[in-house]
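Report on the structure given below.
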Amino acid sequence: MIAIIGAGLSGLSTAYHLKDTEYAVFEKEEEAGGLCRSVKRDGFTFDYTGHFLHTRHPYAEKLAEEILPEGFNRIQRRAFIYLQGRYIPYPFQAHTYSLPQDMRKECVMGFIDAQNQEKSPPENFLDWINQTFGEGMAKYFFIPYNEKFWKMNLRELTPEWTSWSIPQPTTEEVLKGDEGFRYEQMGYNPSFLYPKRGGIELFTKAFLPQVRNVTFRKPVNGISMKDKRLLFENGEEVTYTTLISTCPLPHLLDLIEDLPRDLREAREQLRYISVINLNLGISRDKVSDCHWIYFPEKEFPFYRVGFFSNISYALAPPGTSSLYVEITHHPLEMRNAECGMRNVETCSTEGGSLPIVKETIKGLIQCGILKSSDELVTALVIPIPYAYVVYDEFRKENLSAILEFLKGNGIYSIGRYGAWEYSTMEDAILRGKAVAEELSERLR
Ligand SMILES: Cc1cc2nc3c(=O)[nH]c(=O)nc-3n(C[C@H](O)[C@H](O)[C@H](O)COP(=O)(O)OP(=O)(O)OC[C@H]3O[C@@H](n4cnc5c(N)ncnc54)[C@H](O)[C@@H]3O)c2cc1C
């Protein structure tokens, strides 16, 4: 029997694609979806921050339409960067026309200079920023934004994750964008699918009638690699032939009782950052026209703010707006002093009086999204302990050896946190499919 840890999108896609092969899915929560879940509060539907299905691969889009027939709207992105009181269309590097004159010149000249420099492979993410975009764009956007986001020295990061996620325009495109051209299609997410009638979990939960043997409230508490056994809380055990794990890689390594010492040490070096997702319901229609906005400046505690109510009418009552706000922090830096929560790892709470909510609302008023006369209908804080994997030298040198070791012992660690990567919902669907097909082929 193939055992699957986790009923998030990767686990559900694996189960779906295993078809008739025998499998069982064990999920610690009482419902499916993982990060692709939704919470209902006071008439609002909030996701775990914005979760939009960007499809680059025709198969993922076809599958989504099959799983939730006629259930999606396709939405054209409306994304901006808020800087010096202005809204710059996303991506920043292709729309310098909206900047003040002196900044514009610095950004474009810096970009051209960088293109003319002789390049050696960048040693770290900071080098990559300077080499790719030049001094001006680095100074005004890329460095402040990424320092706020990653909460670390950008020299500690490697640039491998940037190839698909950060648009890299040509000099011609930058010049055209400086003259006022709008690039609606640039980047990996110019449009996306989102359920018509509710939150993102309408999609993930639509997998459930099409998969079997999913047990909820069933956290895997231990794994014996040698005898291929999963251990559960009440002493129950299950044996497997192959294990597919979609839980975060450090957690998986902690669960394996007979893990060699060097891997135990390696586990300590896997770095990531966490997100506090603050969702707000406001009693005023259309507080913004955007889908989401990036905030590089230090005076705002958040790095991105998005608007659920502009994604779908189904997500907020008529005459209201709903927002998601994202703030990163180090996993061990407890924000309980700020948000009033006892344990940020496990707690999800609500209430407009929390200090983190007040601090955020102050920032939202400062940039003009909210007015001081606005009424807060509801506030929901969702901690996301594992949010972004840190791409550093350790990951670059050791990750593939860790995953190969596990595979050699019959454990496939997949998904955004299982494979320890920066990836999307589409990738979760495709990775689940790939591993299911590999195993089904082997069993044939
Ligand atoms: C802030 C943020 C915004 C994002 N926005 C987007 C977006 O707009 N578009 C997009 O495509 N992607 C987005 N993503 C990425 C997306 O969330 C992931 O790619 C996807 O949800 C990964 O699914 P998964 O199944 O691999 O992992 P998860 O969703 O983490 O699922 C893992 C499952 O394993 C379960 N589990 C863990 N431990 C155990 C255990 N011991 N026993 C049993 N079960 C266990 C968990 O409860 C969970 O259900 C975003 C991610 C973040 C953090």
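The values are calculated or read from the model by the stated rules, or taken from the named source; none is laboratory data. A quick note: this is a predicted structure, and the numbers were derived from the prediction, not measured. Please note: Cβ atoms are built from the backbone with ideal geometry, for glycine as well, and neighbour counts cover all protein chains shown. Note: accessible area is taken over every heavy atom of the protein model, side chains too, but ligands, DNA and RNA are not part of it. Shrake-Rupley method; radii C 1.70, N 1.55, O 1.52, S 1.80 Å.
Just for segment 190-214: of the residues that are hydrophobic (A, V, I, L, M, F, W, C) and in a strand (DSSP E or B), which one is nearest to C290 (Cα to Cα)? In this case the residue turns out to be F192. Listed by position, the strands (runs of 3 or more DSSP E) contained in segment 67-114 that have at least 2 residues being surrounded by fewer than 19 Cβ atoms within 10 Å (Cβ to Cβ) are 72-76, 86-89. Quick check on Q93: is it at pLDDT below 95, in the same structural domain as T171 (by TED's automatic domain parsing) and farther than 24 Å from I311 by Cα? The answer is no for Q93.
Evaluating I276 against the criteria (1) at pLDDT 95 or above; (2) closer than 30 Å to F300 by Cα leaves one unmet condition, (1).
If you take the residues in segment 368-383 that are surrounded by fewer than 18 Cβ atoms within 10 Å (Cβ to Cβ) and on the phi < 0 side of the Ramachandran plot, which one is nearest to the chain's Cα centre (by Cα)? Of everything passing the filter in segment 368-383, L376 is nearest to the chain's Cα centre (by Cα). Of all residues in segment 66-88, those being away from the ligand (no atom under 16 Å from the Cβ) and farther than 24 Å from G368 by Cβ number 4.
Taking the criterion of being surrounded by 22 or more Cβ atoms within 10 Å (Cβ to Cβ) and among the hydroxyl-bearing types (S, T, Y), the residues of segment 385-423 that qualify are Y391, Y412, S413, Y417.
Identify all residues within segment 401-429 that are away from the ligand (no atom under 16 Å from the Cβ) and either of a type in the set (K, R) or within 23 Å of I166 (Cα to Cα) (or both); write none if there are none. Of everything in segment 401-429, just one residue is away from the ligand (no atom under 16 Å from the Cβ) and either of a type in the set (K, R) or within 23 Å of I166 (Cα to Cα) (or both), namely K407. Here K40, K62, K28 are screened, and the one residue that is open to solvent by 10 Å² or more (accessible area, probe 1.4 Å), more than 10 Å from the ligand (Cβ to nearest atom) and not in a helix (DSSP H, G or I) is K40.
Being charged (D, E, K, R), surrounded by fewer than 18 Cβ atoms within 10 Å (Cβ to Cβ), at pLDDT 95 or above and under 20 Å from the mean Cα position of the chain (by Cα) is a property that E147 has. Among all residue pairs at least 6 apart or on different chains, which show Cβ distances below 7 Å where the first residue, located in segment 237-266, is among the aromatic types (F, W, Y) and the second is crowded, with 19+ Cβ neighbours inside 10 Å? Pairs found: Y240/I2; Y240/A3; Y240/L230.
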